[in-house]
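Quick notes on the structure that follows.
The values are calculated or read from the model by the stated rules, or taken from the named source; none is laboratory data. This is a predicted model, so every value here is computed, not measured. A quick note on method: Cβ atoms are made from the backbone with ideal geometry, for glycine too, and the neighbour counts reach across all protein chains shown. When the accessible area is computed, the model is the full protein with side chains, heavy atoms only, and any ligands, DNA or RNA have been set aside. Shrake-Rupley method; radii C 1.70, N 1.55, O 1.52, S 1.80 Å.
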Amino acid sequence: MPSWRTAYSSRAIRSHLRRRGIRAVIPQPSDQIGHRQRRGRAGGRPPAFDAEAYKQRNAVERCINRLKQWRGLAMRTDKLAIAYQAALHLAAILIWARR
């Protein structure tokens, strides 16, 4: 998987997201915070972090992981997009009904 798709905080990933106009919802690890602070003014300002947006992202990721528990959805074995979409809807309905 390309590193820019993962939720890791690095200068390269954040700049890639900025170029594409995507607001990053990635927490900054404590070691990166310490390194930036040790550099003083040269370290720049800390990247913005919205805890509420991060919670929403986490909820979406957990939902996607639940949907991927269906083998047909995870492996994408359906040839037609409409069949895949029907399986996605069915899995979502079953997940919703179990709640």
(message) Can you give me the accessible area per residue for the chain, using a 1.4 Å probe, in Å²?
(response) 85 Å²
(request) Could you please state how large a percent of the accessible area of the chain is carbon and sulfur, counting protein chains only and using a 1.4 Å probe? (result) 55 percent
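Report the local net charge at THR77: Lys and Arg +1, Asp and Glu -1, summed over other residues whose C-beta lies under 15 Å from its C-beta. Walk me through the numbers on the way to the answer.
Working: positive: LYS68, ARG71, ARG76, LYS79; negative: ASP78.
Summing Lys and Arg as +1 and Asp and Glu as -1 gives +3.
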(message) Using only the alpha-carbon atoms of region 42-93 as identical scatterers, what base-10 log of I(q)/I(0) does the Debye formula give at q = 0.13, 0.15, 0.21, 0.24 Å⁻¹?
(response) -0.48, -0.56, -0.78, -0.89
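Would you tally the net charge around ALA87, using a Cβ to Cβ cut-off of less than 15 Å, leaving ALA87 out, and scoring K and R as +1, D and E as -1?
Working: positive: ARG66, LYS68, ARG71, ARG76, LYS79; negative: ASP78.
Combined, the nearby Lys, Arg, Asp and Glu give +4.
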(request) Quote the convex hull volume per residue of the chain, based on C-alpha atoms, as a whole number of Å³. (result) 144 Å³
